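A short write-up of the structure that comes next.
Just so you know, all these numbers are worked out from the coordinates, no wet-lab data involved. Being a predicted model, the structure only gives us computed values, none of them experimental. Note: ideal-geometry Cβ built from the backbone for every residue, glycine included; neighbour counts use all protein chains shown.
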There are 2 protein chains.
Amino acid sequence: MADLPTIPIVGGTGALGAGLALRWAQAGAPIAIGSRSEERAGEAAAKLREQVPGASVEGLHNAEAAQRAEIVFLTVPFRAQSENLNNLREALRPGQILVDCTVPLAAAVSGKATRSLGVWQGSAAQQAQEMVPEGVTVVAALHTIGAPTLADPAANFDEDVLVCGDRKADKGRVARLIELIPGLRAVNAGPLEMARIVEQLTPLLISVNVRYKAHTGIKLTGLPAGDHWE
Amino acid sequence: MADLPTIPIVGGTGALGAGLALRWAQAGAPIAIGSRSEERAGEAAAKLREQVPGASVEGLHNAEAAQRAEIVFLTVPFRAQSENLNNLREALRPGQILVDCTVPLAAAVSGKATRSLGVWQGSAAQQAQEMVPEGVTVVAALHTIGAPTLADPAANFDEDVLVCGDRKADKGRVARLIELIPGLRAVNAGPLEMARIVEQLTPLLISVNVRYKAHTGIKLTGLPAGDHWE
């Protein structure tokens, strides 16, 4: 556990970010919770330290959190994605990996959560790649992981996280962090452009969830055993 | 088995159509294999009768096959979808259900199979709904089922088929046919417009298949037990 890097979460006070922070803290990783409000970040950090005694958790401004480690998670709603990326322009450094978890749900403009918005660049992740400073790489992941399941320490996962990015080595580093959460398997879904499809899985699952009153996830069948990321 | 309806498959000599015909014939359903060429339909029917002794199989022109039962499967490549729907205009009757399995892969215009084409109506299935005669209902399904797995009688499925359509009762009738194939579970993915997303699962799985040298399928986790379609 000693060699786990700090995991900075921009938007770490939101439902997805807080849930990830909880799970990663349980796995023993130091967490840097970022928020637009340092006060709310501090409150979230205090709450997490209560939930996971002994956890190493900081609450920071987003820009400061983003400088705590090489791999930074962006877990804000689509409505706030561009604003956050603008704010990170001065904070991110070449060599960092930004893991974009954004889903362009039509809910961002008061539409349905079972529908999505067209993003000019093709996907929210590709928009992020256009907006980050040169030398920062975007990887897309974690779109289909349910915040309610993350937030419930007793709930177990048994599902896949489809990871998109242009370099396998980058995706592999992100995969190691994802797989710190028990029951999650990171699957290589191809280049970043595949985020056009992977981001759509969220409204699809929401549509199924409504019909079945369930919290569904995705699992791929037919994958070979063994560690794809070695 | 006596009460299984005939299953007409337009494009039944293609890889997906022939594979479905094999599995449904094994399940005891009478099959009407449709093709542009009655001769090739007849050859495919003869081959299927060899593979499944005692099977009830006809080889017919597509238009004739489409009149054999209320629920008709369309399993042609996207390139041929419009032409086939034009040809079916005089054959289909109000009350019929057309199950569209088309995936608008960019391969249709010599692009990559990991990319898709934008369809003006939103999806191939919605294009089909626009083109069928009034009173015919389109249901979208079976996009992610691999033809190689279907064609191998020894291969077992353990995956889901996401079914899109505007009426649950129609989807339920299609679900019964899909679930005649052992190991397939039909999942209600919502209205026909969700085909915009479900059709994209195929290029996504192809992208994963390339990277893992595998034949992957989709399975949803977290669905409640019990028969959704009752």
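Label-point spacing for A:Gln67 across the identical copies (point 7 Å from Cα in the Cβ direction), in nm and ascending order: 7.7. Each helix, a run of at least 4 DSSP H residues, gives -39500 (n - 2.57); summed and divided by the residues of chain A, these come to -10000 deg cm²/dmol at 222 nm.
For A:Arg176 and B:Gln26, the FRET efficiency from 1/(1 + (r/R0)^6), where r spans their Cβ atoms and R0 equals 25 Å, is about 0.05. Largest GNM mean-square fluctuation across B:Val198, B:Val136, B:Val174, computed for chain B with C-alpha springs under 10 Å, falls on B:Val136.
What translational diffusion coefficient, to the nearest whole µm²/s, does chain A have by Stokes-Einstein, given a Kirkwood radius computed over alpha-carbon pairs, a temperature of 4 °C and 1.567 mPa s viscosity? Estimated diffusion coefficient is 74 µm²/s. Comparing B:Gly217, B:Gly111, B:Gly34 in a Gaussian network model of chain B, where Cα atoms under 10 Å apart are tied by springs, the biggest mean-square fluctuation is seen for B:Gly111.
Residues A:Met194, A:Met131 in ascending order of nearby Cβ atoms (within 10 Å, fewest first): A:Met131, A:Met194.
Within chain B, no whole DSSP H helix has Cα atoms reaching 30 Å or more along its own axis together with a mean Kyte-Doolittle score of at least -1.0. What separates the A:Ser56 label point from its copies, with the point 7 Å along Cα to Cβ, is 7.1 nm, written shortest first. For region B:106-174, the extents of the C-alpha atoms along the principal axes are 41, 35, 17 Å, listed from largest to smallest.
Here chain B is scanned for trypsin sites (Lys or Arg not before Pro) in DSSP loops (not H, G, I, E, B) that have at most 14 other Cβ atoms within 10 Å, and the longest stretch holding none of them is B:1-88. Here region A:9-61 was treated as a single set of alpha-carbon atoms; its pair distances binned every 10 Å from 0 give 33, 61, 6 percent. For region A:142-205, the alpha-carbon radius of gyration amounts to 1.13 times the rule-of-thumb value 2.2 N^0.38 Å expected for a compact globular protein. In units of the compact-protein estimate 2.2 N^0.38 Å, the protein assembly as shown shows a Cα radius of gyration of 1.06. Chain A residue nearest by beta-carbon to the axis mapping A to B, with distance in Å: A:Lys219, 2. With its label point defined 7 Å out from Cα along the Cα-to-Cβ axis, A:Ala214 lies at 2.0 nm from the matching points of the other copies, in increasing order. Secondary structure note: in region A:90-207, about 15% of the DSSP beta bridges are antiparallel. On the beta carbon distance between A:Glu70 and A:Glu38, with R0 = 25 Å, the FRET formula returns roughly 0.65. Distances longer than 19 Å among the Cα atoms of region B:17-100: what percent of all pairs is that? That tail contains 34 percent of the Cα-Cα pairs.
Using the Cα centre of chain B as origin and beta-carbon charges of +1 (Lys, Arg) and -1 (Asp, Glu), tell me which of B:Thr114, B:Phe157, B:Trp24 is placed farthest towards the positive end of the dipole. Farthest towards the positive end: B:Thr114. Other protein chain C-beta atoms within 10 Å of residue C-beta, averaged over A:189-197: 5. Anything over 25 Å Cα to Cα? Flag those among A:Lys171/B:Lys219; A:Lys213/B:Lys219; A:Lys112/A:Lys171; A:Lys171/B:Lys112; A:Lys219/B:Lys171, in the order listed. Result: A:Lys112/A:Lys171 exceed 25 Å. Pair-distance distribution of region B:112-230: all C-alpha pairs, bin width 10 Å, starting at 0; shares per bin in whole percent are 13, 41, 35, 10, 0. Distance from the C-alpha centroid of region A:115-155 to that of region B:104-130: 25 Å, rounded to the whole angstrom. Extending 7 Å from Cα along the Cβ direction at A:Asp152 and again at A:Asp227 yields two label points whose distance is 3.1 nm.
Between A:Gly190 and A:Gly165, the built amide H atoms are under 5 Å apart, and every one of these is 5 or more places off in sequence or on another chain. Build a GNM of chain A with springs between Cα atoms under 10 Å apart, and of A:Ser207, A:Ser82, A:Ser110 the one that fluctuates most is A:Ser110.
Treating each Cα of region A:82-128 as one equal point scatterer and applying the Debye formula with no solvent, the log10 of I(q)/I(0) at q = 0.18, 0.19, 0.30 Å⁻¹ comes out as -0.64, -0.69, -1.16.
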